Structure formats: C-alpha cells, structure tokens
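A short write-up of the structure that comes next.
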Amino acid sequence: MNDSTSDKFTDLYSQMGLKDIFSVGSSGLRTRRVRAALSVLGITIGIAALVGILGLSQSGSADLLKDLDALGTNLLTVQAGDGFRSQQASLSPDAAAMIDRIGPVYEVSATTKITGGVFLNDLIQDGRTKGITILAADLNLLRAQRGSLKSGKFLDEMTSQFPFVVLGSVAAERLGIRNTSGKQKIWLKEKWFIVIGIMEPLPLAADLDRSAIIGYPAAGKFLGFEEPPEIIYVRAYPEHILDVRSVMPATVNPENPEEVQVGRASDVLEARIAASDTFLNLFVGLGVVALLVGTIGIANVMVIAVIERRNEIGLRRALGATKFHIASQFLTESLLLSVLGGITGVVVGMLVTAIYAVSRDWSIVIPVYVIAGGIFSSILIGGIAGFYPAMRAANMSPTEALRTK
Amino acid sequence: MINLQNGSPKLALELKEISKVYPGPPIVQALSEVSMSVAHGELLGIIGSSGSGKTTLLHIMGTLSIPSSGSMFIDGRNVVGMSDKQLSGVRSQQIGFVFQEFFLLPGFSALENVANGLLYSGISSDERTERAFEMLGRVGLRHRGNHLPNELSGGEQQRVAVARALVHNPAFVLADEPTGNLDSENTASLMELFSILNEEGTTVILITHDLEVAESAQRKITLRDGRIHSDLSH
C-alpha cells in the first residue's frame, strides 16, 4: 500500500450541491406527510404559545402604559396615617393650603368622607348602602384625577352650594342611574340630592368610582358636616415629584410628620404591569416546556426515521454518498420540520395576538424580537433534535445498513 | 491511464490475496487470500452456498467493507487504504450496485430513481435527468418513467434498479442475487438484459447461489469456506 494513493484520487470525490442536499433532505417529508405534519405540530404549538403570550403581554402592557401616560405618574395622595395616639390621626383643616404652597405643586384637591347611606329613594332605607360612600370634594377633583364625565357635568361654584351630587361610575351603576338631566333625585344621608353628573372610571383612585360626591359648602349647609380633609390629591411637576413627596409629611404636619401617609397613585398601575410580568414569566416557562416537548418529538421522529430508512441509508452509501451527505440529509430534514413548525407557529401566534388585542381594544404590539426569536429558536431546535439521529445515520456501517431482515 | 501499484488498466477489478477476518468473538475468517481479476467486458458469476463468503466478497469488491489484508484495484487503482470519503467517490463513479430487494426509493418516480444513481457524482440535475431517461430506454422502460415503484411489477422494478446501477457508466456492476425476488419469467428476462448489456460492453459480476442463473455467465468462480474453489470459463 502506498500513501500517495489517496492524493491520486481527488477526481473521484463524491459531490453534491446545496440544492440537492435540500431536495434530498425534504424527500423524507414529502413521502411521509402525515408524520411530518404531526411532528411539526409540536413545534407550532410551542412557538405559537410563546409568540402569542409575548405579543399579548406586550399589547396589554402597551395599553396599561398608555393609561399610565394619560393619567400621569405625578399624582400624590396625602392622608393621615395611624398616629402614636390611639385614635386615627387626621389632617389639619389648612393642610390643602399648606401643600399648595410647595413650589412644584400645581393642583390640590381635597375630599372628606361623610358617614351616611345613599339610596335611590326614601322608602328603601333598609341598611343596605350598596357600598356607596358620600364624599365632600373640592371642585377641581376631576381635573386632578385627569378624569372625565360619562354624562352631565361636575360640581361648580354654583352647584356645590346646593344639594347636587355627582356619582362615580360604579355608584351610578349600583343605583341604576343613567339620567343626569336634573330630574333624578337620590336619598343621601336623609336628604334629597339631584344627580347632575356621572363620572367615567378613574383608574388612579378606584375609591372615587364608588362615591357620591357633593360640594363642601353643600355638605356644611345641608348635612351639617364640617370636618377637615381626609384625602388630598396633589399634582406636582413630574420632574420634582420625588422631592415633593419627601417634603410632604413635614409640610402637612410639621409636629408629627410620621402621621402623614403619602402615596403615588400610579404605583397601583405599575404594580399591575409588574404583576402581568410575573404571569408572563410563568407562561413563557410553559411555552418553553411545550417547545422542549416538541424538540423531543422531532428527535424521536428522526431517530425512528433513521431506523426505518436503514436500507435507504445503505443504498445512498452504495450510490456514493459520504458520511457528510447522509448526516446533512437527516439534519436538513430535522431543520425543515422545525422551521416549518416555527414559521407556522409565528403566524398562528401573531393571528391569536391580533384577534385578542382587537377584541380587547388594545393596540396590536408584536415585537420584532419575538418573531425573530421564534424563527431562530426553531432553527436551534431542528439542529439539536436532528444532531444525534444525523450522526447515527452517518456512522451506520453501509454493509449493516444494506442488510435486510 | 496511469498504472498505479501494479494494477493492470485492462482489468476492471483485481483482488490480490484479500482476506477478511471478523474479530468476533468468535473470530471468523470470512475470506482467505482470495485473488482474482475481472477484465473489462466480462460477465462473471460468483457462486457459493450460504456462509461461503460471497456476501463479504461482494461488500469488499463494492468498497462497502475494508479487507483485513491484501490489495484491490479498480480500473488499475489501489483502493485499499483510501479514506471513507474517497471510497464514496469510487462508488459514485466506478461501481454500480443491483440488490436482491431492488431498494428503489418510494415516493420517487422510476426516472428519479435512475437519476439518483448520479446524485453524488456532481452532475447537474438536468443532465442527470437526461442520462436517466436515456438509460431507462436501454432497459426498455422509457414509457414507465413517471411511475412510482409501487406502480411497477417486480421485474420492472429490478430493471429500474439495473438502469440506476448503469447510469453513471461504472467500471463494473455488482449484482447481488438480482433474481432472488423474481419469478422464472422475470428471471429469464433480467438475465437476457444482463447478457445484452454485457454484449454492449458492460462488465457484470453476478453473485448468486442459483446455479441456473450462473449458467448464463461466461466465467464462473465458486467460493467455498472463504476460498476460491474453482474458476471456470466456457
């Protein structure tokens, strides 16, 4: 034997173009369509789940962020906290005026809760208050909340002097009231009040949705109510909001600043976004598990294909296929299966996101990284799932592969 | 052609003291110092009973298995010691296989199956189809080109397999029990085809246990216990 032998035979190398590798790789799928479709399904479900979950979460978050943007993150709520004394601490009557003197503050609106029931008429006072709270409020409350009215109008200089009431969205619904033309009366702390407005929901202060709101002057005149403010809503310029928040307790109650509670209303919305992120992680986890199962499915199908097509492998080796040709055939097949599943999954996931987002009036947000990630992960899956079967096929001895049962 | 390592360019195949030992356990000496040569244009029958070593010899002649010792020349070139990749190249261009089970790929038409014989030889798809079409004509199946294997009779399937083995114009065709799955009529017809192809210049090596089939060969080598028992020409 002579070592120079090998050099003399370069003209005898097997050759195969990329087009042929692709064609041979796809032949297994063409001839076994049902099996191919079923194994594609696993990856489709996994990728569709991931694209759908990420798309929906992004669309949902986009909606919450849009709300947050519209409502602003610069609304502070100031109220008396628990003091060292046994009774509940309260704000001083001139707290609102003191807050107004803080430079960056541009809107201050106070509310005070009034004990008493709200009923549709004076005949059904059976103690069932429907959970509606009576509030005395400043006239700029709606502006401070960046809220709007479903119908009618809010309290003004004139209507706040008289027995007129504006209802929160939930309160109106519970009382079954839609009429704000001035003809609808309600029995409020044993006095008749005329409904002049119904507010839209206020995401930054859900308590107000369950309230019947009257003016401070009317509260004094008709209900004999003279209490200091309980909750003060404060709008300050966003860039100074943290500073305002930090000086707030000492401004409102210089002697006992620790008895003042200051909150940021938008924290609730941000918490909701954070909470949806937590669920997102959970669902992404489930999607990844689905993909893992899909990967094992493809690997399983490919291992079976290698065993079943032993004779084909032997024949191809006899026809001149190299180990590389055999490996690339099975790897291509696995990649085609998973990429087919990946593309279908991305399309299905996008459709689900679009349909759900439209049904919820959300804007459709499907980030490019989700689409690219879906396709990329399907390529990765195809490579991982196909590697072992491809190696097994390539390393099969031709004589062993040609043996028949 | 250059004569390398004492191989004669006039010979399609030459084996020198080829032995094959399967390490086992138990250790099996499948072939013992087999030396033989096949000239271009020969129709050779290798006969042997089960266990005589004829399948091992076929695998070695087809470069699907490597001998434990000895040397082998195809068209005058020593193939022992070549890499797996080079041996694949030798098969893709110099050897044609016909198997007892036909091994046609399902889902591919007769024409595509024949063209598959050129798949690994680096020839363009159009030329492969053209040559396959021509080859199908030579085995009398031009009209069946678009049919799938399961739409063909056993005899037709084996003719397609013969066309596939010949389409790349190999140095020789190795036919392993080619009539094993055929009835007597198709057997006769296939042997006639081999004779015609041989007359046209194709070198054919028939491996069979069927003496009747071997009768059509001009030369018969009988294997027994891994050794050449007789080598007769008529």
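All of the numbers you see were taken from the coordinates with simple rules; none came from a lab. All values reported here derive from a predicted model rather than from experimental measurement. A quick note on method: Cβ atoms are made from the backbone with ideal geometry, for glycine too, and the neighbour counts reach across all protein chains shown.
Around the amide H of B:ALA39, modelled in the peptide plane, lie the amide H atoms of B:ALA12, all under 5 Å away and 5 or more residues distant in sequence or on another chain. Give me the Debye-computed log₁₀ of I(q)/I(0) at q = 0.26, 0.31 Å⁻¹ for region A:113-170, equal point scatterers on Cα only, no solvent, two decimals. Log10 of I(q)/I(0), two decimals: -1.25, -1.40. Take the Cα of A:ILE124, go 7 Å toward its beta carbon, and the backbone nitrogen atoms of region A:141-180 under 15 Å from that spot belong to A:171-179. Near the amide H of B:VAL28, within less than 5 Å, lie the amide hydrogens of B:TYR22, all on another chain or at least 5 residues away, with H placed in the peptide plane. Fewest-first ordering of A:VAL170, A:VAL118, A:VAL288 by other beta carbons within 10 Å of each residue's beta carbon gives A:VAL288, A:VAL170, A:VAL118. Mark the label point 7 Å from the Cα of A:LEU149 along Cα→Cβ and return the residues of region A:159-185 whose backbone N is within less than 11 Å of it. Answer for this model: A:159, A:165-167, A:180-182.
Phi-derived couplings, Karplus 6.51 cos²θ - 1.76 cosθ + 1.60 at θ = phi - 60°, listed residue by residue for region B:98-114: 10, 10, 4, 8, 6, 6, 7, 7, x, x, 10, 5, 4, 4, 5, 4, 5 Hz, with x used for Gly and Pro.
Here the spin labels are modelled as points 7 Å beyond Cα on the Cα-Cβ line, and at A:LYS221 and B:SER233 they lie 13.4 nm apart. Across chain A, the mean sequence separation of Cα contacts (distance under 8 Å, 6 or more residues apart), normalised by length, yields a relative contact order of 29 percent. Each Cα pair under 8 Å and six or more residues apart adds its separation to the average, and for chain B the resulting relative contact order is 28 percent.
Axis of helix B:154-166 versus longest Cα principal axis of chain B: the two differ by about 70°, to the nearest ten degrees. Taking a Cβ cut-off of under 11 Å around A:ASP69, the surrounding Lys, Arg, Asp and Glu residues balance to a net charge of 0, with basic ones at +1 and acidic ones at -1.
A cut-off of 5 Å between modelled amide H atoms, ignoring neighbours fewer than 5 places along the same chain, links A:GLY81 with A:VAL260, A:GLN261. In this calculation the C-beta distance from A:ILE379 to A:ALA62 is compared with R0 = 25 Å, giving a FRET efficiency of 0.30.
Considering all alpha-carbon pairs of region B:71-111, what whole percent are spaced by more than 17 angstrom? Within region B:71-111, distances greater than 17 Å cover 49 percent of Cα pairs.
Each label was represented as a point 7 Å from its Cα along the Cα-to-Cβ direction; for A:ASP69 and B:GLU17 these points are 8.8 nm apart.
In this calculation the C-beta distance from A:TYR106 to A:ASP207 is compared with R0 = 22 Å, giving a FRET efficiency of 0.45.
For chain B, a Gaussian network of Cα nodes joined below 10 Å ranks B:LEU166, B:LEU31, B:LEU182 by mean-square fluctuation, and the top entry is B:LEU182.
Between the Cα long axis of helix A:266-308 and the first principal axis of chain A there is an angle of about 20°, rounded to the nearest 10. Take every pair of alpha-carbon atoms less than 8 Å apart whose residues are at least six positions apart; their mean separation over the length of region A:296-380 yields a relative contact order of 32 percent. With 0.36 nm allotted per residue and the present C-alpha distance subtracted, the A:ALA97-A:THR404 stretch has 100.8 nm of extension available.
Ordered by the number of other Cβ atoms lying within 10 Å of each residue's own Cβ, fewest first, A:SER23, B:SER233 fall into the sequence B:SER233, A:SER23.
Is region A:122-228 rounded, prolate or oblate when judged by the Cα gyration tensor, a ≥ b ≥ c being the square roots of its eigenvalues, rounded requiring a/c under 1.5 and prolate requiring a/b larger than b/c? It is rounded, given that a/c, with a ≥ b ≥ c, falls under 1.5. Name the most mobile residue of A:ALA321, A:ALA212, A:ALA136, meaning the one with the largest mean-square fluctuation, in a Gaussian network model of chain A with Cα contacts below 10 Å. Result for chain A, Cα springs under 10 Å: A:ALA321 fluctuates most. Just checking the listed ones, A:LEU41, A:LEU56, A:LEU242: in the Gaussian network model of chain A with Cα springs under 10 Å, the one fluctuating most is A:LEU242. For region A:150-162, putting each phi into the Karplus relation 6.51 cos²θ - 1.76 cosθ + 1.60 with θ = phi - 60° gives couplings of 6, 7, x, 9, 8, 5, 10, 3, 7, 5, 6, 8, 10 Hz, in residue order, rounded to whole numbers and with x for Gly and Pro.
Comparing Cα centroids, region A:292-313 and region A:174-249 end up 68 angstrom apart. Taking the three principal axes of the alpha carbon atoms in chain B, the coordinate ranges are 47, 38, 38 Å, sorted in descending order. Bridges between two residues of the protein assembly as shown, per DSSP, are antiparallel at a rate of about 65%. Kindly state, to the nearest 0.05, the FRET efficiency for A:ARG360 paired with B:ASP126, given R0 = 51 Å and r defined as their beta-carbon distance. E(calc), rounded to 0.05, equals 0.40. Of the beta bridges in region A:101-205, as assigned by DSSP with both residues counted there, near 75 percent are antiparallel. Taken residue by residue and averaged, Cβ atoms of other chains lying within 10 Å of the Cβ of B:120-129 number 4. Rg and Dmax of chain A, both derived from C-alpha coordinates alone, stand at 35.3, 119 Å. With 10 Å bins beginning at zero, the pair-distance distribution over Cα atoms of region A:298-374 amounts to 16, 32, 20, 16, 12, 5, 0 %. By DSSP, the beta bridges lying fully in chain B are antiparallel in about 55 percent of cases.
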